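Colleague: The following block contains the structure, expressed as structure tokens.
The values are calculated or read from the model by the stated rules, or taken from the named source; none is laboratory data. It should be emphasised that the depicted structure is a prediction, and the values quoted were computed from it without experimental measurement. Every residue, glycine among them, receives a Cβ derived from its backbone with ideal geometry; neighbour counts consider all protein chains shown. Note: accessible area is taken over every heavy atom of the protein model, side chains too, but ligands, DNA and RNA are not part of it. Shrake-Rupley method; radii C 1.70, N 1.55, O 1.52, S 1.80 Å.
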Amino acid sequence: MIKFHDVNKHYGAFHVLKDINLTIGQGEVVVVIGPSGSGKSTLLRCINRLETISDGELTVDDVKINDKRTDINQLRRNIGMVFQHFNLYPHRTVLENITLAPMKVLGVSRQEAETTAMHYLTKVGIPEKAKVYPSQLSGGQQQRVAIARGLAMKPKIMLFDEPTSALDPEMIGEVLDVMRDLAKEGMTMVVVTHEMGFAREVADRVVFMDQGQILETSAPKDFFENPREERARTFLSRLL
Ligand code: ADP
Ligand code: MG
């Protein structure tokens, strides 16, 4: 579903992604971990071309994303993204936040968009919040709306960039539960997170990044019980 082949990226003189090779299959859940500044967000943002790669090849669903002929809007329709800060439209209700893109981008009717929105709001556990504004919700609820909004576009891939990092501790679980359900249903997911419990339990593979490189790609059990790389060991020991 996603394939990085010798991908490099520079920000000016700064080499942020170094020879990235990574293949993610359909339905796979990959958790990306690593120190701050190691390039995790950049890696994620290349997948939906919020960032362009400098060289190498990146294909998503067999489409070369760095090819000029690729329709980026078409590509992005298939990829949902959830950020640390939920990025909901503050002056729109929850329902409007979810129906806007399907109506505008996919051209579905308001009625159909609302039915779909209610389906996903129910799925994330807050159908009763449809008519309220984001400011009336807790952080955990806002993030669940953001996930519902992503799902309403019926994407093939969901990207999560530290989705629980801005949440109060008591709200982290409710968001991770939604993500766990999504993983069980077979969604292809790439998740940057510091939630090691989630990584251990839900990930098919853990990718450890440091200084722009992927240093290790392992099954979670292997990674957590016996990390191969010294820097991964150091990283994990600091989390405890
Ligand atoms: P992470 O998500 O792992 O914390 P990022 O991908 O956000 O790391 O950033 C990796 C490195 O690239 C950091 O050193 C950051 O300062 C740098 N960086 C990120 N975005 C830009 C940008 N737009 N221009 C220049 N440098 C950037
Ligand atoms: Mg980041």
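Colleague: For the range 148-162, what does the Karplus curve 6.51 cos²θ - 1.76 cosθ + 1.60, with θ = phi - 60°, yield as ³J(HN,Hα) per residue in whole Hz, taken in order and with x for Gly and Pro?
Modeller: Result, ordered by residue: 4, 4, x, 5, 5, 7, 6, x, 8, 9, 10, 10, 10, 10, 6 Hz.
Colleague: Tell me, how many Å apart are the Cα centres for the range 155-205 and for the range 1-26?
Modeller: A separation of 22 Å, based on Cα centres.
Colleague: Can you give the % of DSSP beta bridges in the chain that are antiparallel, to the nearest 5? Show your work: numbers first, answer last.
Modeller: On the way: 19 of 36 bridges.
Given both bridge residues lie in the chain, the antiparallel proportion sits at roughly 55 percent.
Colleague: With a 1.4 Å probe and all protein chains left in place, how much of the accessible area of the range 105-240 comes from carbon and sulfur atoms, in whole percent?
Modeller: 46
Colleague: Using Cα-Cα distances under 8 Å and only pairs 6 or more residues apart, what relative contact order does the chain have, in percent?
Modeller: Relative contact order, the chain: 27 percent.
Colleague: Follow-up. In what sequence, highest mean first, do 193-205, 67-79 appear when ranked by Cβ atoms within 10 angstrom?
Modeller: Working: 193-205: 18.4, 67-79: 13.0.
Highest-to-lowest ranking by the protection proxy: 193-205, 67-79.
Colleague: Would you mind working out the accessible area per residue for the range 89-154, using a 1.4 Å probe, and quoting it in Å²? Walk me through the numbers on the way to the answer.
Modeller: On the way: 3280 Å² over 66 residues.
Per residue, the range 89-154 has 50 Å² of solvent-accessible surface.
Colleague: Just to check I understand the Karplus step: with θ = phi - 60° and J = 6.51 cos²θ - 1.76 cosθ + 1.60, what whole-Hz values come out for the range 53-66, glycine and proline as x?
Modeller: 8, 8, 7, x, 9, 10, 10, 10, 6, 6, 9, 6, 7, 9
Colleague: Not counting ligands, DNA or RNA, and with a 1.4 Å probe, what is L182's accessible surface area in Å² rounded to the nearest 10?
Modeller: Its accessible surface works out to 10 Å², give or take rounding.
Colleague: For N21 and Y133 in one chain, what is 0.36 nm times their gap in residues minus the Cα-Cα distance, to one decimal in nm? Intermediate values should be presented prior to the final figure.
Modeller: On the way: separation 112, 0.36 × 112 = 40.32 nm, distance 4.18 nm.
Contour length minus Cα-Cα distance gives 36.1 nm.
Colleague: Would you grab the residues whose amide H sits under 5 Å from the one on M81? Only those 5+ places off in sequence or on another chain, please, with H modelled 1.01 Å from N.
Modeller: It is L159, by chain and number.
Colleague: Relative contact order for the range 9-85 using alpha-carbon pairs under 8 Å, separation at least 6, rounded to a whole percent?
Modeller: Relative contact order of the range 9-85: 23 percent.
Colleague: Moving on. Eight or more residues apart or on different chains, and alpha-carbon atoms under 29 Å: count the Lys pairs in the range 1-132 matching that.
Modeller: Close lysine pairs found across the range 1-132: 20.
Colleague: Hey, can you grab everything whose amide H is under 5 Å from the amide H of V29? Only 5+ residues off in sequence or another chain; H modelled, so Pro and N-termini drop out.
Modeller: M189, D204, R205
Colleague: For the range 1-156, would you read off the P(r) tail past 24 Å as a percentage of all alpha carbon pairs?
Modeller: Working: 5121 of 12090 pairs.
That fraction is 42 percent.
Colleague: Here is a follow-up. Which lysines have a Cα less than 20 Å from the Cα of K221, not counting those fewer than 8 places away in the same chain?
Modeller: K184
Colleague: Just round it to a whole percent: the fraction of Cα-Cα distances in the range 89-154 exceeding 17 Å.
Modeller: That tail contains 28 percent of the Cα-Cα pairs.
Colleague: Show me, for the range 91-103, the HN-Hα J-couplings you get by feeding each phi into the Karplus relation (A = 6.51, B = -1.76, C = 1.60, θ = phi - 60°), rounded to Hz, glycine and proline as x.
Modeller: Using θ = phi - 60°, the values come out as 9, 10, 5, 3, 4, 5, 4, 7, 8, 3, 5, x, 6 Hz.
Colleague: Another question, if that's okay. What does the charge add up to near N226, with Lys and Arg as +1, Asp and Glu as -1, over the other residues with Cβ less than 12 Å from its Cβ?
Modeller: With Lys, Arg at +1 and Asp, Glu at -1, the neighbours total -1.
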